[in-house]
Every structure is written in C-alpha cells, then in structure tokens.
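Contents: one structure, followed by commentary.
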Amino acid sequence: MQILYLGLGGLLALLSTRWLAHHPPARELKGWAAALVLVSGACVAFAVATGAGDWIGLELAGMFLFAGIAYAGVRFAPALLSLGWSARAFWDLAHFMSDDAIFIPGRYALAWIGYDLVVGAYLARRCRTGALRPLAS
C-alpha cells in the first residue's frame, strides 16, 4: 500500500510539472517557490489542527527554512529550489518514520515524499538545461 501512496504523489507531481511548464519560466519559478512554502505550511497547519504543540515550533522553523530556500532559488539560483524540494522529501520521511509525528497521517507523508522527489528531479533537469534562471537584476 505504501508504494501506492508514493506513486500517487509522484503522479500528482507529474501533473503539476505539466501545468506549470506551460507558464513563462519566471512564473513557473515563482510557482514552485510558492508551492514549496505552501506544503511546508501544511505541516504547520496539521500540527496546529491536531494540537501537536511540541511540533509547532519545529514545523514553523522548517517552514521558514524552506521559505528562505524558495526565496534564494527565485532570486539567486533556481537549483536551490530543486535542492529544497529534494530536502522536503527527507523532512517528510522524518514525519513518516517518527512515532511522535502522528499529526501527519502516514499516507500523506508518503504521497508528499513521492511528490517532492519528482518535483526535485524535474527542477534539476529544468535548471541543467538552462530553462530556469534567477530573477535577480
């Protein structure tokens, strides 16, 4: 069953890449940055909604970390977005593996891992081909 959730996350990521790829590169870059912050915020929302008070601070710190990576990826080096999305997979794996992170259902964590890995690989390819460039002047 676990592979099914990983696969569903990967499939959703493929659909997302197709949708954002139809936008101009600057908008695509901003879209992936915003999505990185949003999915990080989802962990905060889960922690707050379930009353997992011990985790809220850590999840907020993670959200700010990923927001910083997203900003740096847009302004300076889009490859940082690829790194950020790939790092999110490890963040989600930590949720899945932890006995204390019960505020995020395991199937969600698995789907997010699949999504994160596919997006990270997609962005790495887009950066390697020069399709995404920083927006700094």
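Remarks
- Within region 36-59, restricting attention to residues that are closer than 15 Å to Ile113 by Cα and touching a residue at least 40 places away in the same chain (Cβ under 8 Å), the residue that is surrounded by the most Cβ atoms within 10 Å (Cβ to Cβ) is Cys43.
- A count restricted to region 9-59 and to residues that are of a type outside the set (D, E, K, R) and over 29 Å from Ala77 (Cα atoms) stands at 10.
- Residues of region 60-100 satisfying the condition of being buried (at least 21 other Cβ atoms within 10 Å of the Cβ) and either outside any helix (DSSP H, G or I) or of a type in the set (Gly, Ala, Ser) (or both): Ala70, Gly73, Pro78, Ser82, Gly84
- Matching residues, region 103-137, being loosely packed, with under 15 Cβ neighbours inside 10 Å and touching a residue at least 60 places away in the same chain (Cβ under 8 Å): Ala131, Arg133, Ala136
- Filter result for Trp32 (of a type in the set (Phe, Trp, Tyr) and touching a residue at least 40 places away in the same chain (Cβ under 8 Å)): yes
- Residue tally, condition among the aromatic types (Phe, Trp, Tyr) and either outside any helix (DSSP H, G or I) or surrounded by 15 or more Cβ atoms within 10 Å (Cβ to Cβ) (or both), over region 1-35: 2
- When Ser98 is tested against (1) among the polar types (S, T, N, Q); (2) at pLDDT below 95; (3) under 19 Å from Ala124 (Cβ atoms), exactly one condition is not met: (3).
The values are calculated or read from the model by the stated rules, or taken from the named source; none is laboratory data. Note that the coordinates shown come from a computational prediction; the quantities given were computed from them, not determined experimentally. For neighbour counting, all protein chains shown are included, and Cβ atoms are generated from backbone atoms with ideal geometry for every residue, glycine included.
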